[in-house]
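Have a look at the structure below, then the notes.
The values are calculated or read from the model by the stated rules, or taken from the named source; none is laboratory data. Just so we're clear, the structure is a prediction, and the values are computed from it rather than from any experiment. Glycine also receives a Cβ, built like all others from the backbone with ideal geometry; neighbour counts cover every protein chain displayed.
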Protein chains: 2
Amino acid sequence: MIVIKMGGSLGINYEAVCNDLASILKTGLQIILVHGGSSETNLVSARLGKPPRMVTSVSGYESRYTDRETLEIFEMVYCGKINKGIVEKLQRRGINAVGLSGVDGRIWEGIRKSAITIVEDGKKKVLRDDFTGRVEKVNLDLIELLLEHGYTPVLTPPAISYQGEAINVDGDRAAAILASALKVEKLVILSNVPGLLKDVTNESSLVEDIPIREMDNYVKYAKGRMKKKILGAAEAIRQGVKEVIFADGRIDKPISGALIGKGTIIH
Amino acid sequence: MIVIKMGGSLGINYEAVCNDLASILKTGLQIILVHGGSSETNLVSARLGKPPRMVTSVSGYESRYTDRETLEIFEMVYCGKINKGIVEKLQRRGINAVGLSGVDGRIWEGIRKSAITIVEDGKKKVLRDDFTGRVEKVNLDLIELLLEHGYTPVLTPPAISYQGEAINVDGDRAAAILASALKVEKLVILSNVPGLLKDVTNESSLVEDIPIREMDNYVKYAKGRMKKKILGAAEAIRQGVKEVIFADGRIDKPISGALIGKGTIIH
(Lines give C-alpha, C1' and ligand atoms only; values in the text may rest on other atoms or scores of the structure.)
Protein backbone atom coordinates (compact mmCIF):
# COMPACT_ATOMS: atom_id res chain seq x y z
CA MET A 1 0.00 0.00 0.00
CA ILE A 2 1.25 3.48 -0.84
CA VAL A 3 0.02 7.03 -0.33
CA ILE A 4 0.36 9.50 -3.20
CA LYS A 5 0.05 13.22 -2.57
CA MET A 6 -0.59 15.26 -5.69
CA GLY A 7 0.00 18.97 -5.16
CA GLY A 8 -2.27 21.77 -6.25
CA SER A 9 0.33 23.90 -8.01
CA LEU A 10 0.22 24.94 -11.63
CA GLY A 11 1.75 22.49 -14.06
CA ILE A 12 0.75 19.20 -12.43
CA ASN A 13 -0.37 16.85 -15.20
CA TYR A 14 -3.59 15.33 -13.86
CA GLU A 15 -4.13 13.17 -16.93
CA ALA A 16 -0.64 11.65 -16.62
CA VAL A 17 -1.06 11.06 -12.88
CA CYS A 18 -4.44 9.36 -13.40
CA ASN A 19 -3.14 7.21 -16.30
CA ASP A 20 -0.19 6.07 -14.23
CA LEU A 21 -2.33 5.52 -11.13
CA ALA A 22 -4.81 3.38 -13.06
CA SER A 23 -2.01 1.19 -14.49
CA ILE A 24 -0.43 0.70 -11.07
CA LEU A 25 -3.78 -0.08 -9.40
CA LYS A 26 -4.40 -2.76 -11.99
CA THR A 27 -1.28 -4.62 -10.76
CA GLY A 28 -3.05 -5.03 -7.40
CA LEU A 29 -1.17 -2.42 -5.36
CA GLN A 30 -3.48 -0.43 -3.06
CA ILE A 31 -3.21 3.34 -3.33
CA ILE A 32 -4.72 6.22 -1.42
CA LEU A 33 -4.55 9.46 -3.38
CA VAL A 34 -4.41 12.76 -1.50
CA HIS A 35 -4.64 16.00 -3.44
CA GLY A 36 -4.41 19.75 -3.02
CA GLY A 37 -5.84 22.66 -4.96
CA SER A 38 -4.07 25.86 -3.94
CA SER A 39 -3.47 27.50 -7.30
CA GLU A 40 -7.03 26.84 -8.53
CA THR A 41 -8.37 28.20 -5.22
CA ASN A 42 -6.40 31.39 -5.83
CA LEU A 43 -7.96 31.75 -9.28
CA VAL A 44 -11.53 31.09 -8.11
CA SER A 45 -11.12 33.35 -5.06
CA ALA A 46 -9.98 36.19 -7.27
CA ARG A 47 -12.86 35.65 -9.74
CA LEU A 48 -15.29 35.71 -6.80
CA GLY A 49 -13.91 39.06 -5.69
CA LYS A 50 -12.23 37.59 -2.59
CA PRO A 51 -8.53 37.48 -3.50
CA PRO A 52 -6.37 35.09 -1.45
CA ARG A 53 -4.44 36.42 1.49
CA MET A 54 -1.29 34.45 2.23
CA VAL A 55 0.20 35.06 5.65
CA THR A 56 3.53 34.08 7.20
CA SER A 57 3.53 32.83 10.80
CA VAL A 58 6.17 33.99 13.30
CA SER A 59 7.94 30.65 12.80
CA GLY A 60 8.24 31.34 9.08
CA TYR A 61 5.56 29.08 7.56
CA GLU A 62 3.25 30.42 4.89
CA SER A 63 -0.46 29.66 4.95
CA ARG A 64 -3.76 30.87 3.54
CA TYR A 65 -5.74 33.17 5.86
CA THR A 66 -9.04 31.31 6.02
CA ASP A 67 -12.12 33.10 7.28
CA ARG A 68 -15.45 31.28 6.87
CA GLU A 69 -16.01 32.65 3.35
CA THR A 70 -12.52 31.56 2.28
CA LEU A 71 -13.11 28.14 3.84
CA GLU A 72 -16.21 27.70 1.71
CA ILE A 73 -14.35 28.74 -1.46
CA PHE A 74 -11.59 26.31 -0.46
CA GLU A 75 -14.19 23.52 -0.10
CA MET A 76 -15.75 24.42 -3.45
CA VAL A 77 -12.45 24.02 -5.25
CA TYR A 78 -10.81 21.17 -3.30
CA CYS A 79 -13.89 19.01 -2.55
CA GLY A 80 -15.99 20.04 -5.55
CA LYS A 81 -14.12 20.82 -8.73
CA ILE A 82 -10.80 19.04 -8.13
CA ASN A 83 -11.90 16.04 -6.06
CA LYS A 84 -14.83 15.14 -8.31
CA GLY A 85 -12.73 15.87 -11.41
CA ILE A 86 -10.13 13.31 -10.29
CA VAL A 87 -12.76 10.74 -9.30
CA GLU A 88 -14.36 11.16 -12.74
CA LYS A 89 -11.00 10.68 -14.52
CA LEU A 90 -10.30 7.52 -12.49
CA GLN A 91 -13.81 6.13 -13.02
CA ARG A 92 -13.34 6.68 -16.76
CA ARG A 93 -10.21 4.51 -16.49
CA GLY A 94 -12.10 1.70 -14.75
CA ILE A 95 -11.00 2.54 -11.20
CA ASN A 96 -13.79 2.58 -8.61
CA ALA A 97 -12.71 5.80 -6.91
CA VAL A 98 -14.49 7.47 -3.98
CA GLY A 99 -13.76 11.11 -3.21
CA LEU A 100 -13.77 12.25 0.41
CA SER A 101 -12.62 15.13 2.56
CA GLY A 102 -11.20 14.87 6.06
CA VAL A 103 -14.60 16.00 7.37
CA ASP A 104 -16.33 12.87 6.00
CA GLY A 105 -16.21 10.13 8.61
CA ARG A 106 -13.88 12.50 10.58
CA ILE A 107 -10.96 10.97 8.66
CA TRP A 108 -8.61 13.83 9.58
CA GLU A 109 -9.21 15.25 13.03
CA GLY A 110 -7.23 17.97 14.75
CA ILE A 111 -7.05 21.33 16.41
CA ARG A 112 -8.27 24.61 15.06
CA LYS A 113 -5.93 27.53 15.63
CA SER A 114 -8.51 30.27 15.89
CA ALA A 115 -5.90 32.94 16.57
CA ILE A 116 -2.62 32.98 14.67
CA THR A 117 0.30 35.36 15.10
CA ILE A 118 1.69 36.49 11.79
CA VAL A 119 4.38 38.86 10.59
CA GLU A 120 3.24 41.45 8.05
CA ASP A 121 5.32 44.42 6.90
CA GLY A 122 7.80 43.53 9.64
CA LYS A 123 5.14 43.78 12.38
CA LYS A 124 3.50 41.09 14.46
CA LYS A 125 -0.28 40.84 14.18
CA VAL A 126 -2.86 38.46 15.62
CA LEU A 127 -5.50 37.20 13.20
CA ARG A 128 -8.75 35.85 14.63
CA ASP A 129 -11.68 34.00 13.04
CA ASP A 130 -9.23 31.85 11.15
CA PHE A 131 -10.30 28.32 10.22
CA THR A 132 -6.87 26.78 9.86
CA GLY A 133 -5.50 23.98 11.97
CA ARG A 134 -3.37 20.88 12.14
CA VAL A 135 -4.26 17.20 11.79
CA GLU A 136 -3.40 15.29 14.95
CA LYS A 137 -5.45 12.13 14.57
CA VAL A 138 -6.41 9.88 11.66
CA ASN A 139 -9.61 7.84 11.89
CA LEU A 140 -8.78 4.95 9.60
CA ASP A 141 -12.08 3.01 9.80
CA LEU A 142 -13.66 4.52 6.71
CA ILE A 143 -10.48 4.39 4.60
CA GLU A 144 -9.85 0.77 5.57
CA LEU A 145 -13.46 -0.18 4.89
CA LEU A 146 -13.22 1.28 1.38
CA LEU A 147 -9.85 -0.34 0.64
CA GLU A 148 -11.08 -3.76 1.84
CA HIS A 149 -13.98 -3.54 -0.60
CA GLY A 150 -11.92 -2.55 -3.63
CA TYR A 151 -12.53 1.21 -3.67
CA THR A 152 -9.74 3.72 -4.23
CA PRO A 153 -10.04 6.65 -1.79
CA VAL A 154 -9.31 10.12 -3.15
CA LEU A 155 -8.82 12.35 -0.16
CA THR A 156 -8.57 16.10 0.25
CA PRO A 157 -8.54 18.77 2.99
CA PRO A 158 -10.32 20.26 4.89
CA ALA A 159 -10.00 18.31 8.12
CA ILE A 160 -12.39 18.57 11.06
CA SER A 161 -11.66 20.07 14.47
CA TYR A 162 -12.49 18.26 17.71
CA GLN A 163 -15.39 20.73 18.00
CA GLY A 164 -16.72 19.74 14.58
CA GLU A 165 -15.59 22.71 12.50
CA ALA A 166 -14.11 22.24 9.02
CA ILE A 167 -10.49 23.45 9.08
CA ASN A 168 -7.98 24.25 6.37
CA VAL A 169 -4.94 22.05 6.94
CA ASP A 170 -1.74 21.56 5.02
CA GLY A 171 -2.25 18.70 2.55
CA ASP A 172 1.36 17.48 2.61
CA ARG A 173 1.45 17.15 6.37
CA ALA A 174 -2.02 15.56 6.35
CA ALA A 175 -0.80 13.03 3.76
CA ALA A 176 2.28 12.37 5.91
CA ILE A 177 0.26 11.64 9.05
CA LEU A 178 -2.10 9.43 7.01
CA ALA A 179 0.87 7.49 5.59
CA SER A 180 2.21 6.99 9.13
CA ALA A 181 -1.15 5.85 10.48
CA LEU A 182 -1.53 3.34 7.63
CA LYS A 183 2.10 2.21 8.13
CA VAL A 184 2.72 2.33 4.39
CA GLU A 185 6.20 1.72 3.01
CA LYS A 186 6.17 4.67 0.64
CA LEU A 187 4.72 8.15 0.47
CA VAL A 188 5.11 9.85 -2.92
CA ILE A 189 4.72 13.64 -3.00
CA LEU A 190 4.19 15.00 -6.52
CA SER A 191 4.65 18.71 -7.17
CA ASN A 192 5.70 20.98 -10.02
CA VAL A 193 9.43 20.54 -9.42
CA PRO A 194 11.64 17.44 -9.81
CA GLY A 195 12.19 17.22 -6.02
CA LEU A 196 14.25 19.21 -3.51
CA LEU A 197 16.55 21.54 -5.41
CA LYS A 198 19.77 23.04 -4.01
CA ASP A 199 19.09 26.02 -6.26
CA VAL A 200 15.40 26.63 -6.99
CA THR A 201 16.29 28.32 -10.30
CA ASN A 202 18.14 25.23 -11.54
CA GLU A 203 16.20 22.00 -11.96
CA SER A 204 19.38 19.98 -12.39
CA SER A 205 20.48 20.81 -8.84
CA LEU A 206 18.28 17.98 -7.52
CA VAL A 207 19.11 16.40 -4.18
CA GLU A 208 18.65 12.68 -4.89
CA ASP A 209 18.97 11.11 -1.50
CA ILE A 210 18.55 12.27 2.11
CA PRO A 211 19.10 9.87 5.00
CA ILE A 212 16.85 11.16 7.78
CA ARG A 213 19.79 11.62 10.18
CA GLU A 214 21.29 14.15 7.74
CA MET A 215 18.00 16.05 7.34
CA ASP A 216 19.30 19.14 9.14
CA ASN A 217 21.90 19.66 6.39
CA TYR A 218 19.17 19.86 3.74
CA VAL A 219 16.38 21.86 5.36
CA LYS A 220 18.16 25.07 4.36
CA TYR A 221 17.46 24.37 0.66
CA ALA A 222 13.69 24.24 1.20
CA LYS A 223 11.95 27.52 0.33
CA GLY A 224 8.28 28.55 0.55
CA ARG A 225 5.85 25.63 0.48
CA MET A 226 8.75 23.15 0.24
CA LYS A 227 9.48 23.86 3.92
CA LYS A 228 6.20 22.26 4.98
CA LYS A 229 6.71 19.36 2.60
CA ILE A 230 10.11 18.60 4.13
CA LEU A 231 8.68 18.93 7.63
CA GLY A 232 5.87 16.50 6.76
CA ALA A 233 8.36 14.06 5.23
CA ALA A 234 10.58 14.09 8.33
CA GLU A 235 7.50 13.48 10.54
CA ALA A 236 6.40 10.56 8.36
CA ILE A 237 9.83 8.90 8.44
CA ARG A 238 10.11 9.31 12.21
CA GLN A 239 6.68 7.68 12.57
CA GLY A 240 7.57 4.59 10.56
CA VAL A 241 7.14 5.31 6.82
CA LYS A 242 10.24 3.84 5.13
CA GLU A 243 10.60 6.25 2.20
CA VAL A 244 9.18 9.62 1.24
CA ILE A 245 9.80 10.46 -2.39
CA PHE A 246 9.45 14.00 -3.76
CA ALA A 247 8.86 13.72 -7.49
CA ASP A 248 7.86 15.65 -10.58
CA GLY A 249 4.09 15.69 -11.22
CA ARG A 250 4.43 17.38 -14.61
CA ILE A 251 5.88 14.42 -16.49
CA ASP A 252 4.61 11.16 -17.97
CA LYS A 253 4.34 8.20 -15.57
CA PRO A 254 5.18 10.36 -12.57
CA ILE A 255 4.34 7.73 -9.92
CA SER A 256 6.11 4.82 -11.64
CA GLY A 257 9.14 7.08 -12.00
CA ALA A 258 9.07 8.02 -8.32
CA LEU A 259 8.78 4.36 -7.30
CA ILE A 260 11.99 3.50 -9.14
CA GLY A 261 13.86 6.37 -7.57
CA LYS A 262 13.31 9.45 -9.76
CA GLY A 263 13.20 12.45 -7.43
CA THR A 264 14.41 13.17 -3.91
CA ILE A 265 14.23 10.13 -1.63
CA ILE A 266 14.13 10.69 2.11
CA HIS A 267 14.65 7.46 4.08
CA MET B 1 -34.94 3.22 6.36
CA ILE B 2 -36.02 6.45 4.70
CA VAL B 3 -34.66 8.75 2.01
CA ILE B 4 -34.84 12.50 2.58
CA LYS B 5 -34.39 14.90 -0.31
CA MET B 6 -33.60 18.46 0.74
CA GLY B 7 -34.03 20.94 -2.08
CA GLY B 8 -31.63 23.67 -3.05
CA SER B 9 -34.10 26.53 -3.14
CA LEU B 10 -33.90 29.70 -1.07
CA GLY B 11 -35.49 29.46 2.35
CA ILE B 12 -34.66 25.86 3.27
CA ASN B 13 -33.60 25.86 6.91
CA TYR B 14 -30.47 23.69 6.93
CA GLU B 15 -29.99 24.02 10.69
CA ALA B 16 -33.54 22.83 11.38
CA VAL B 17 -33.20 19.92 8.94
CA CYS B 18 -29.88 18.84 10.50
CA ASN B 19 -31.22 19.14 14.06
CA ASP B 20 -34.25 17.06 13.20
CA LEU B 21 -32.20 14.53 11.23
CA ALA B 22 -29.77 14.06 14.14
CA SER B 23 -32.65 13.44 16.61
CA ILE B 24 -34.30 10.92 14.31
CA LEU B 25 -31.01 9.11 13.59
CA LYS B 26 -30.45 8.72 17.32
CA THR B 27 -33.67 6.66 17.54
CA GLY B 28 -31.98 4.09 15.29
CA LEU B 29 -33.78 4.81 12.02
CA GLN B 30 -31.44 4.73 9.02
CA ILE B 31 -31.54 7.77 6.75
CA ILE B 32 -29.95 8.65 3.46
CA LEU B 33 -29.96 12.39 2.83
CA VAL B 34 -29.97 13.66 -0.74
CA HIS B 35 -29.57 17.38 -1.37
CA GLY B 36 -29.64 19.95 -4.15
CA GLY B 37 -28.06 23.36 -4.55
CA SER B 38 -29.71 25.18 -7.43
CA SER B 39 -30.18 28.65 -5.97
CA GLU B 40 -26.63 28.79 -4.54
CA THR B 41 -25.31 27.61 -7.92
CA ASN B 42 -27.13 30.50 -9.58
CA LEU B 43 -25.48 32.97 -7.18
CA VAL B 44 -21.98 31.55 -7.56
CA SER B 45 -22.35 31.29 -11.36
CA ALA B 46 -23.33 34.95 -11.56
CA ARG B 47 -20.44 36.02 -9.29
CA LEU B 48 -18.05 34.04 -11.50
CA GLY B 49 -19.29 35.90 -14.57
CA LYS B 50 -21.08 32.84 -15.99
CA PRO B 51 -24.77 33.51 -15.29
CA PRO B 52 -27.06 30.47 -15.31
CA ARG B 53 -28.98 29.64 -18.46
CA MET B 54 -32.22 27.81 -17.79
CA VAL B 55 -33.73 26.09 -20.80
CA THR B 56 -37.11 24.48 -21.42
CA SER B 57 -37.22 21.20 -23.31
CA VAL B 58 -39.82 20.55 -26.02
CA SER B 59 -41.73 18.42 -23.50
CA GLY B 60 -41.96 21.38 -21.12
CA TYR B 61 -39.35 20.55 -18.45
CA GLU B 62 -36.97 23.22 -17.25
CA SER B 63 -33.28 22.44 -16.73
CA ARG B 64 -29.91 24.14 -16.41
CA TYR B 65 -27.87 24.28 -19.62
CA THR B 66 -24.67 22.62 -18.47
CA ASP B 67 -21.53 23.04 -20.55
CA ARG B 68 -18.28 21.78 -18.99
CA GLU B 69 -17.60 25.08 -17.21
CA THR B 70 -21.13 25.10 -15.74
CA LEU B 71 -20.71 21.46 -14.68
CA GLU B 72 -17.59 22.40 -12.73
CA ILE B 73 -19.36 25.32 -11.03
CA PHE B 74 -22.23 22.94 -10.26
CA GLU B 75 -19.76 20.50 -8.67
CA MET B 76 -18.11 23.27 -6.68
CA VAL B 77 -21.41 24.29 -5.11
CA TYR B 78 -23.17 20.94 -4.76
CA CYS B 79 -20.21 18.66 -3.87
CA GLY B 80 -18.02 21.31 -2.23
CA LYS B 81 -19.81 24.05 -0.38
CA ILE B 82 -23.20 22.47 0.29
CA ASN B 83 -22.28 18.80 0.70
CA LYS B 84 -19.34 19.46 3.02
CA GLY B 85 -21.34 22.11 4.90
CA ILE B 86 -24.09 19.56 5.65
CA VAL B 87 -21.59 16.85 6.62
CA GLU B 88 -19.91 19.35 8.98
CA LYS B 89 -23.26 20.27 10.59
CA LEU B 90 -24.13 16.59 11.08
CA GLN B 91 -20.67 15.73 12.46
CA ARG B 92 -21.05 18.59 14.93
CA ARG B 93 -24.28 16.92 16.08
CA GLY B 94 -22.55 13.58 16.62
CA ILE B 95 -23.66 11.95 13.37
CA ASN B 96 -20.92 10.17 11.42
CA ALA B 97 -21.87 11.55 8.03
CA VAL B 98 -20.09 10.83 4.74
CA GLY B 99 -20.65 13.12 1.77
CA LEU B 100 -20.66 11.63 -1.70
CA SER B 101 -21.73 12.46 -5.24
CA GLY B 102 -23.21 10.06 -7.75
CA VAL B 103 -19.78 9.91 -9.43
CA ASP B 104 -18.18 8.35 -6.33
CA GLY B 105 -18.44 4.59 -6.51
CA ARG B 106 -20.69 5.21 -9.59
CA ILE B 107 -23.66 5.42 -7.20
CA TRP B 108 -25.89 7.09 -9.79
CA GLU B 109 -25.28 5.88 -13.32
CA GLY B 110 -27.16 6.92 -16.43
CA ILE B 111 -27.23 8.38 -19.88
CA ARG B 112 -25.85 11.71 -20.98
CA LYS B 113 -28.07 13.65 -23.34
CA SER B 114 -25.38 15.45 -25.29
CA ALA B 115 -27.86 17.14 -27.59
CA ILE B 116 -31.13 18.54 -26.24
CA THR B 117 -33.92 20.17 -28.15
CA ILE B 118 -35.25 23.25 -26.43
CA VAL B 119 -37.80 25.92 -27.10
CA GLU B 120 -36.53 29.50 -26.87
CA ASP B 121 -38.49 32.58 -27.97
CA GLY B 122 -41.01 30.18 -29.49
CA LYS B 123 -38.38 28.50 -31.68
CA LYS B 124 -36.87 25.03 -31.47
CA LYS B 125 -33.10 24.88 -31.03
CA VAL B 126 -30.66 22.04 -30.52
CA LEU B 127 -28.05 22.56 -27.82
CA ARG B 128 -24.89 20.47 -27.96
CA ASP B 129 -22.01 19.97 -25.50
CA ASP B 130 -24.52 19.69 -22.71
CA PHE B 131 -23.60 17.57 -19.68
CA THR B 132 -27.09 16.78 -18.46
CA GLY B 133 -28.59 13.35 -18.25
CA ARG B 134 -30.86 10.98 -16.40
CA VAL B 135 -30.12 8.37 -13.73
CA GLU B 136 -31.11 4.90 -14.90
CA LYS B 137 -29.20 2.66 -12.50
CA VAL B 138 -28.30 2.84 -8.82
CA ASN B 139 -25.19 1.00 -7.62
CA LEU B 140 -26.11 0.34 -4.02
CA ASP B 141 -22.91 -1.41 -2.86
CA LEU B 142 -21.21 1.69 -1.46
CA ILE B 143 -24.37 3.10 0.17
CA GLU B 144 -25.16 -0.27 1.78
CA LEU B 145 -21.57 -0.69 2.98
CA LEU B 146 -21.70 2.71 4.68
CA LEU B 147 -25.13 2.10 6.25
CA GLU B 148 -24.06 -1.32 7.57
CA HIS B 149 -21.12 0.32 9.32
CA GLY B 150 -23.08 3.13 10.95
CA TYR B 151 -22.31 5.97 8.55
CA THR B 152 -24.98 8.36 7.30
CA PRO B 153 -24.60 8.98 3.54
CA VAL B 154 -25.17 12.53 2.30
CA LEU B 155 -25.60 12.28 -1.43
CA THR B 156 -25.69 14.87 -4.20
CA PRO B 157 -25.65 15.11 -8.00
CA PRO B 158 -23.83 14.93 -10.39
CA ALA B 159 -24.29 11.37 -11.57
CA ILE B 160 -21.94 9.56 -13.94
CA SER B 161 -22.65 8.50 -17.51
CA TYR B 162 -21.97 4.98 -18.77
CA GLN B 163 -18.97 6.54 -20.56
CA GLY B 164 -17.61 7.95 -17.29
CA GLU B 165 -18.59 11.60 -17.67
CA ALA B 166 -20.04 13.58 -14.76
CA ILE B 167 -23.60 14.61 -15.66
CA ASN B 168 -26.03 17.09 -14.16
CA VAL B 169 -29.17 15.18 -13.20
CA ASP B 170 -32.35 16.20 -11.46
CA GLY B 171 -31.94 15.61 -7.73
CA ASP B 172 -35.59 14.82 -7.03
CA ARG B 173 -35.75 12.12 -9.66
CA ALA B 174 -32.35 10.78 -8.57
CA ALA B 175 -33.65 10.60 -4.97
CA ALA B 176 -36.78 8.84 -6.22
CA ILE B 177 -34.85 6.15 -8.10
CA LEU B 178 -32.56 5.71 -5.08
CA ALA B 179 -35.59 5.28 -2.79
CA SER B 180 -37.01 2.67 -5.16
CA ALA B 181 -33.72 0.78 -5.39
CA LEU B 182 -33.39 0.72 -1.59
CA LYS B 183 -37.06 -0.32 -1.30
CA VAL B 184 -37.64 2.25 1.47
CA GLU B 185 -41.13 2.83 2.83
CA LYS B 186 -40.93 6.60 2.71
CA LEU B 187 -39.31 9.28 0.61
CA VAL B 188 -39.58 12.80 2.05
CA ILE B 189 -39.02 15.71 -0.33
CA LEU B 190 -38.38 19.00 1.46
CA SER B 191 -38.67 22.26 -0.46
CA ASN B 192 -39.57 25.88 0.19
CA VAL B 193 -43.33 25.33 -0.04
CA PRO B 194 -45.67 23.32 2.23
CA GLY B 195 -46.28 20.72 -0.50
CA LEU B 196 -48.29 20.67 -3.73
CA LEU B 197 -50.46 23.79 -3.85
CA LYS B 198 -53.61 24.16 -5.93
CA ASP B 199 -52.78 27.85 -6.14
CA VAL B 200 -49.06 28.64 -5.92
CA THR B 201 -49.82 32.09 -4.53
CA ASN B 202 -51.79 30.63 -1.63
CA GLU B 203 -49.98 28.38 0.83
CA SER B 204 -53.23 27.27 2.42
CA SER B 205 -54.35 25.65 -0.84
CA LEU B 206 -52.30 22.54 0.05
CA VAL B 207 -53.26 19.21 -1.48
CA GLU B 208 -52.94 16.83 1.48
CA ASP B 209 -53.39 13.44 -0.07
CA ILE B 210 -52.98 11.97 -3.56
CA PRO B 211 -53.69 8.29 -4.20
CA ILE B 212 -51.42 7.37 -7.13
CA ARG B 213 -54.40 6.27 -9.28
CA GLU B 214 -55.71 9.86 -9.10
CA MET B 215 -52.35 11.40 -9.98
CA ASP B 216 -53.54 12.63 -13.38
CA ASN B 217 -56.06 14.91 -11.68
CA TYR B 218 -53.31 16.68 -9.75
CA VAL B 219 -50.44 17.00 -12.24
CA LYS B 220 -52.06 20.18 -13.59
CA TYR B 221 -51.32 22.01 -10.31
CA ALA B 222 -47.57 21.40 -10.57
CA LYS B 223 -45.67 24.38 -12.01
CA GLY B 224 -41.96 24.87 -12.80
CA ARG B 225 -39.68 22.58 -10.79
CA MET B 226 -42.68 20.96 -9.05
CA LYS B 227 -43.42 19.16 -12.33
CA LYS B 228 -40.22 17.11 -12.04
CA LYS B 229 -40.83 16.48 -8.35
CA ILE B 230 -44.29 15.05 -9.09
CA LEU B 231 -42.88 12.96 -11.93
CA GLY B 232 -40.19 11.57 -9.62
CA ALA B 233 -42.77 10.82 -6.92
CA ALA B 234 -45.00 8.93 -9.33
CA GLU B 235 -42.01 6.89 -10.56
CA ALA B 236 -41.01 6.04 -6.97
CA ILE B 237 -44.51 4.90 -6.04
CA ARG B 238 -44.82 2.78 -9.18
CA GLN B 239 -41.46 1.16 -8.31
CA GLY B 240 -42.45 0.16 -4.78
CA VAL B 241 -41.96 3.11 -2.42
CA LYS B 242 -45.09 3.24 -0.23
CA GLU B 243 -45.29 6.97 0.42
CA VAL B 244 -43.72 10.08 -1.02
CA ILE B 245 -44.24 13.12 1.18
CA PHE B 246 -43.72 16.67 -0.07
CA ALA B 247 -43.09 18.86 2.96
CA ASP B 248 -41.95 22.29 4.05
CA GLY B 249 -38.18 22.57 4.59
CA ARG B 250 -38.38 26.07 6.05
CA ILE B 251 -39.93 25.13 9.37
CA ASP B 252 -38.77 23.56 12.64
CA LYS B 253 -38.66 19.73 12.75
CA PRO B 254 -39.46 19.46 9.04
CA ILE B 255 -38.77 15.73 8.78
CA SER B 256 -40.65 14.70 11.94
CA GLY B 257 -43.56 16.78 10.70
CA ALA B 258 -43.53 15.09 7.29
CA LEU B 259 -43.42 11.64 8.89
CA ILE B 260 -46.63 12.36 10.80
CA GLY B 261 -48.37 13.59 7.69
CA LYS B 262 -47.69 17.32 7.38
CA GLY B 263 -47.49 18.07 3.66
CA THR B 264 -48.71 16.37 0.51
CA ILE B 265 -48.70 12.59 0.74
CA ILE B 266 -48.64 10.56 -2.45
CA HIS B 267 -49.32 6.86 -1.88
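Regarding B:ALA166, is this residue in contact with a Pro (Cβ under 7 Å, 6 or more places away or on another chain), farther than 15 Å from B:LYS228 by Cβ and surrounded by 24 or more Cβ atoms within 10 Å (Cβ to Cβ)? The answer is yes for B:ALA166. Here B:TYR14 passes the criteria (1) hydroxyl-bearing (Ser, Thr, Tyr); (2) within 14 Å of chain A (Cβ to nearest Cβ); (3) buried (at least 17 other Cβ atoms within 10 Å of the Cβ) except the one numbered (3). The set of residues in segment B:37-76 being acidic (Asp, Glu) and exposed (fewer than 13 other Cβ atoms within 10 Å of the Cβ) consists of B:GLU69 alone.
Of all residues in segment A:92-117, those satisfying the criterion of being at pLDDT below 95 and among the aliphatic types (A, V, I, L, M) are A:ALA115, A:ILE116. Looking only at residues in segment B:135-144 that are within 14 Å of chain A (Cβ to nearest Cβ) and acidic (Asp, Glu), the one that is surrounded by the fewest Cβ atoms within 10 Å (Cβ to Cβ) is B:GLU144. All of (1) under 20 Å from the mean Cα position of the chain (by Cα); (2) closer than 29 Å to A:ASN19 by Cβ hold for A:GLN91 with one exception: (1).
Examine segment A:2-12 for a residue that is in a loop (DSSP other than H, G, I, E, B), under 16 Å from the mean Cα position of the chain (by Cα), β-branched (Val, Ile, Thr) and farther than 25 Å from A:ARG128 by Cα, and state whether such a residue exists.
First, pick out the residues of segment A:2-12 that are in a loop (DSSP other than H, G, I, E, B): A:7-12.
With under 16 Å from the mean Cα position of the chain (by Cα) added as a condition, the list becomes A:7-12.
Of the ones still in play, those that are also β-branched (Val, Ile, Thr) are A:12.
With farther than 25 Å from A:ARG128 by Cα added as a condition, the list becomes A:12.
The answer is yes; a qualifying residue exists.
With respect to being among the hydroxyl-bearing types (Ser, Thr, Tyr) and touching a strand residue (DSSP E or B) at 6+ places or on another chain (Cβ under 6 Å), A:SER101 fits the description. Of all the numbered requirements in (1) closer than 20 Å to B:SER39 by Cβ; (2) buried (at least 18 other Cβ atoms within 10 Å of the Cβ); (3) modelled with pLDDT of 95 or more, B:GLY232 misses one, and that requirement is (3).
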